[in-house]
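Here the structure is laid out as C-alpha cells; the discussion comes afterwards.
The values are calculated or read from the model by the stated rules, or taken from the named source; none is laboratory data. Everything quoted here is computed from the prediction, not taken from an experiment. In this analysis, Cβ positions are derived from the backbone assuming ideal geometry, glycine residues included, and neighbour counts consider all displayed protein chains.
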Amino acid sequence: MSAQPSFDDGLDRLEALVQQLESGSLGLEEALVRFEEGVQLSQALQKQLADAQRRVEVLKAGLGGEYRAEPLDDAKDPR
C-alpha cells in the first residue's frame with residue numbers, strides 16, 4: 001500500500017502531468033496513462049481539500065457548543 005502524497009507534492013505532480021500532456025510529445029497510450037493518473041490525483045486532492053475544510057469548520061465551532069460554519073476566506077459581502 002503506497003502512502004498518500006502531501007497536498008503540495010500531489011499538486012506539484014498534477015502540474016507536471018498537465019505540462020507533459022500539453023507538450024504534445026507523448027504517444028496516445030502514454031498520454032492516456034498520464035491523464036488517468038491526473039484524474040485520480042485530482043480526485044484525491046479534492047478530497048484532501050474537503051477534509052481540510054471540514055476540520056476548519058469544526059475548529060471554528062463556538063465555545064458554547066453551537067456549530068457555526070464560516071467561509072474559509074476573509075472576504076466579506078459588501079452588502
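Kindly indicate the residue of the range 23-68 that is exposed (fewer than 12 other Cβ atoms within 10 Å of the Cβ) and modelled with pLDDT under 70 and also farthest from Asp9 (Cα to Cα) among those meeting that condition.
Gly64
What are the pairs, 6+ residues apart or on separate chains, where a residue within the range 3-16 that is hydrophobic (A, V, I, L, M, F, W, C) has its Cβ under 7 Å from a residue that is surrounded by 11 or more Cβ atoms within 10 Å (Cβ to Cβ) and in a helix (DSSP H, G or I)?
Hits for this filter: Phe7/Leu45; Phe7/Gln48; Leu11/Leu45; Leu14/Gly38; Leu14/Leu41; Leu14/Ser42; Leu14/Leu45.
Kindly provide the set of residues from the range 1-55 that are among the charged types (D, E, K, R) and assigned to a loop (DSSP other than H, G, I, E, B), ordered by number.
none
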